Amino acid sequence: MKFLIINSTIILSFLIISNSTSAQEQDSQLSNFLNYFTKEYLPSTGLSKINNKVRPTTFLKRNKVIVYGLELVLNRSDTTSIGLNRTEQSQLLTCLKNYTLDLNFNNFIADSLLVNIDSIYYYDSLIQFHESYFYNNYLKYNRIIDEKKYDQVPDSILNYYFFKENLAKKNIELIYLLEKDMVEITTPYFFKNYSQCVITFVRHLFHYKDSKVLLFRKEHDRWRLQKVLYDNLLTLDDED
């Protein structure tokens, strides 16, 4: 399994791999980091699980917002406080914008630490489909239903409305059970011979505003959080 390693001495390509690093070593480093992230870092925040795989296509729109916010933060920050020089910051932004790879995590950490991310998106897509269908076709009845004037709504439309509402409630409950203890992460990006790692994560449903970009550092073979590079819950009111 190959994944992204950012190295300031080589040119960016779709897959950035250190020539001196074997695939087995790459897998070992990724497994080591993911086990730290799920068993030590996440529990310190009250969470315990991650998505079972990276889904670049479904994550794309939200990722763009995160990268834009991160870019604003990096442009106004002193490099010494971040731990990445300007070249490395530029490479990181390039990777976040263009190289979020499909990646399965079930080969690297225990299944008990993973949540099937396809299920969350599936349940959410069912909600969105029926909501969109109703409002595209029966919008004129929405106000009448809100006012509980059910006798003015055809039975077939009223029945569909209640079906949609019940389905949404059920699927929200299913999503909550899956996502309440988890974050969805993107591909980990490694720097400086695996001594630093940047990871982006988001939460879902009731915590959807919670998204972060985190920089971790490994010292004496132990990972620790070095800096929160971006936190969507913090405002950027001082930006021009």
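In summary, helices (runs of 4 or more DSSP H) completely within the range 82-197 and bearing 1 or more residues that are hydroxyl-bearing (Ser, Thr, Tyr), open to solvent by 70 Å² or more (accessible area, probe 1.4 Å) and out of contact with any strand residue (DSSP E or B) (no Cβ under 9 Å at 6 or more places or on another chain) occur at 86-98, 117-137, 155-179.
Restricting attention to the range 25-78, the residues that are β-branched (Val, Ile, Thr), over 11 Å from the mean Cα position of the chain (by Cα) and surrounded by 15 or more Cβ atoms within 10 Å (Cβ to Cβ) add up to 3. Note on the range 31-60: among residues that are of a type in the set (Lys, Arg) and within 22 Å of TYR194 (Cα to Cα), the one that is modelled with the lowest pLDDT is LYS53.
Checking the stated criteria, HIS130 turns out to be in contact with a helix residue (DSSP H, G or I) (Cβ under 6 Å, 6 or more places away or on another chain) and over 26 Å from LEU101 (Cβ atoms).
The values are calculated or read from the model by the stated rules, or taken from the named source; none is laboratory data. Remember, predicted model here, so these are calculated numbers, not experimental data. Note that we place each Cβ from the backbone using ideal geometry, even for glycine, and neighbour counts take in every protein chain shown. Please note that ligands, DNA and RNA were not included when accessible areas were found on the heavy atoms of the full protein model with its side chains. Shrake-Rupley method; radii C 1.70, N 1.55, O 1.52, S 1.80 Å.
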